[in-house]
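Comments concern the structure below.
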Amino acid sequence: MIEFTSIKLEGIYIHEVGNKLRDENVKIAKEEISFSNDETESYLLKYFLSPFNNNEVYNFFHPTELELNEVYLFVKRLFSSPELLYKTSIDVSKHLYSQSNHPKINGGDLCVCFFKNCMFDGIMCDAIGFFKSEVKDVFLKFNSIDNGVNINHENGININKLDKGCLVFNLEEENGYKVCIIDSKSRDTQYWKNDFLNIRPASDNFHFTNDFLSMTKEYVTKHLSNKTEVSSTDQIDLLNRSVEYFKTHQSFEKEVFEKEVFQDEDVIKSFRTFDSSYRDNNNVELSNNFEISKQAVKKQARVFKKVLKLDKNFHIYIHGKKDLIERGIEKDGRKFYKIYYETEN
């Protein structure tokens, strides 16, 4: 989806942004970054761009009006006037600082870049990048000397570990642009995505696929099990059938999905009721017909439960054919599962 083979870095400024809660302030750089050689620039581009590969796509968002989203306005200004990169990089840094008011947020270097010749879904376009480096690693340096080797250490950035990144492509300005992000610590804080950028999932096939699978999982594991007596094997079977549908079909049709996965009319009616409330409660826009994103299926398949856990002694992995498993209770009250199979590996 994204290609950088012809990309050109047109300009870059780096400012140090601290934690506002600790009054660490913003240190503004006076000059644009220069490179001692082309090899250094290539390493920098690898650090910035290599994590972006088939990422989820977002749009800038504001609940009242898109023009009230600060970063959206900064980006819009830059795409129309790239010569304002220095001034805009300062504005972006100050905005990031204003949102860095959580105790878990680390200060770091914010790089603001302007790129040309980016390829997004086959379209050549300009792009703007925001990259924040928060963690410094220690590197050992071995130097040859007359009598052997001298060892020193240096603090620096690991080019294989981008902490936070954002690429904005100059496409679909009216919808909030095409935006991709990286956040290595998204579980700890959401300020990069929600407070600083203020973005939401784009209405595309990736998010339709991802959100529909998420909704199905919640229905099967929480709602259905609370309303009816559904065994663990039945739950796993429904989840397996759901993922299998998305893996074996090119396009999604809701009615076909319901019949193939749930089969029972009462369960289908229950699912439709849950579907309606889920969309309202989670403010999710879903289409009932869309092209299935294989990247989204791969992502969701990892978290769909396929393991039947029995006490602390046994884990049974179930990938299909629920009819080969029998569940029962002995006369003395002990529970058991009986498994039928043809070959042993």
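Calculate, for the chain, the solvent-accessible area per residue in square angstrom, rolling a 1.4 angstrom probe over the heavy atoms of the protein chains. Please report the intermediate quantities before stating the final value.
Details: 20130 Å² over 345 residues.
Solvent-accessible surface per residue comes out at 58 Å².
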What number in nm² do you get for the range 74-231 if you take the convex hull of its Cα atoms and divide its surface by four? 16.8 nm²
Where is the GNM fluctuation largest for the chain (alpha-carbon springs, 10 angstrom cutoff): 35, 246, 114? 35
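Summing Lys, Arg as +1 and Asp, Glu as -1, what charge do residues with Cβ under 11 Å from the Cβ of residue 158 carry, residue 158 excluded?
On the way: positive: 136, 161; negative: 137, 163.
Spelling it out: positives minus negatives among the neighbours equals 0.
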Hey, in the GNM for the chain with a 10 angstrom Cα cutoff, which one of 92, 75, 135 fluctuates hardest? 135
Net charge near residue 258: determine it from the other residues with C-beta under 14 Å of the C-beta of residue 258, scoring Lys and Arg +1 and Asp and Glu -1. -2
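Would you compute, from DSSP H runs of 4+ residues alone, the mean residue ellipticity of the chain at 222 nm, taking -39500 (n - 2.57) per run and dividing by the full residue count, rounded to the nearest 500? Please report the intermediate quantities before stating the final value.
On the way: 8 runs with 103 residues, N = 345.
Calculated at 222 nm, the ellipticity per residue is -9500 deg cm²/dmol.
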Could you report the accessible area of residue 124 in Å², rounded to 10, computed with a 1.4 Å probe on the protein chains as they sit in the structure? 90 Å²
q = 0.09, 0.16 Å⁻¹: log10 I(q)/I(0) that the Debye formula gives for the chain, counting C-alpha atoms only: -0.67, -1.33
For the range 151-221, just run the numbers: alpha carbon Rg, then divide by 2.2 N^0.38 Å, N being how many residues it has. 1.54
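Can you pull the Kirkwood radius for the range 107-172, inverse mean 1/r over Cα pairs, to one decimal in Å?
Numbers: mean 1/r = 0.0671 Å⁻¹.
One over the average 1/r among Cα pairs gives 14.9 Å for the range 107-172.
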What are the extents of the Cα atoms of the range 49-115 along their three principal axes, in Å, largest first? 36, 31, 28
Debye equation applied to the C-alpha atoms of the range 1-151, log10 I(q)/I(0) at 0.15, 0.18 Å⁻¹: -0.94, -1.26
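Tell me the relative contact order for the chain as a rounded percent, counting alpha carbon contacts under 8 Å between residues six or more apart.
Numbers: 517 pairs, mean separation 54.3, N = 345.
It rounds to 16 percent for the chain.
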For residue 193, the lysines lying under 17 Å Cα to Cα, once residues fewer than eight places off in the same chain are dropped, come out as 94, 104, 132, 164, 178, 185
Cut-off 10 angstrom, C-alpha nodes, Gaussian network model of the chain. Which of 216, 88, 273 fluctuates the most? 273
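So what's the net charge close to residue 174: Lys and Arg +1, Asp and Glu -1, counting the other residues with Cβ under 13 Å from its Cβ? Provide the component values of the computation, followed by the final result.
On the way: positive: 76, 178; negative: 65, 67, 172, 173.
Charge balance near residue 174 sits at -2.
The values are calculated or read from the model by the stated rules, or taken from the named source; none is laboratory data. Every value quoted in this text rests on a predicted model; they were computed, and no experiment measured them. Here Cβ is always computed from backbone atoms with ideal geometry, including for glycine, and neighbour counts include all displayed protein chains. The protein model used for the area step is the full one, side chains on, heavy atoms only, and it has no ligands, DNA or RNA in it. Shrake-Rupley method; radii C 1.70, N 1.55, O 1.52, S 1.80 Å.
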